[in-house]
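Report on one structure; see the data block that follows.
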Amino acid sequence: MGTTLRGVGVSHGVAIGEVRRMGTAMLEPPAERIAEGEAPREQGRARQAVEAVAADLVARGHLAGGEARAVLEAQALMARDPELLADVDRRIVAGSTAERAVYDS
């Protein structure tokens, strides 16, 4: 006998299937170092990723509406936090890749 779950969707479409619980482990990017002079390119990559994530969260919020919209828009604001981005920039200038800098920040 199955259990029916209902909630507020934040993406397009419908899904029917087995529920699998995902672990809380986050993949850690390798601690690679960038070559000298690559910091501006890495900073650009980090900024593009932040903007893509924030835009996706806002778009999902518009689709969801209500309280889900407020939560997703708040997450978009956190992604764009100037202090977080400044820390990412500092880590990249110190030699981290964009992925590692975001992870560490």
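The values are calculated or read from the model by the stated rules, or taken from the named source; none is laboratory data. Keep in mind that what you see is a predicted model, and the values were worked out from it rather than measured. Here the Cβ positions follow ideal geometry from the backbone for every residue, glycine too, while neighbour counts run over all protein chains shown. Heads up: the accessible areas ignore ligands, DNA and RNA and are worked out on the full protein's heavy atoms, side chains in. Shrake-Rupley method; radii C 1.70, N 1.55, O 1.52, S 1.80 Å.
Data for the structure
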{"read-out": "Leading residue by the ranking (surrounded by the most Cβ atoms within 10 Å (Cβ to Cβ)) among those in the range 1-23 that are in contact with a Leu (Cβ under 8 Å, 6 or more places away or on another chain) and within 22 Å of LEU57 (Cβ to Cβ)", "value": "VAL10"}
{"read-out": "Residues of the range 54-69 that turn out to be open to solvent by 60 Å² or more (accessible area, probe 1.4 Å) and out of contact with any helix residue (DSSP H, G or I) (no Cβ under 7 Å at 6 or more places or on another chain), as a count", "value": "4"}
{"read-out": "Residue count, the range 24-48 (criterion: free of Cβ contacts under 8 Å to residues at least 24 places away in the same chain, in a loop (DSSP other than H, G, I, E, B) and open to solvent by less than 70 Å² (accessible area, probe 1.4 Å))", "value": "3"}
{"read-out": "Qualifying residues in the range 70-105 (those that are among the acidic types (Asp, Glu) and assigned to a helix (DSSP H, G or I)) - the one surrounded by the fewest Cβ atoms within 10 Å (Cβ to Cβ)", "value": "GLU83"}
{"read-out": "Residue list for the range 53-70, filter: without any contact (Cβ under 8 Å) to a residue 40 or more places away in the chain and under 14 Å from the mean Cα position of the chain (by Cα)", "value": "VAL53, ALA54, ALA55, ASP56, LEU57, VAL58, ALA59"}
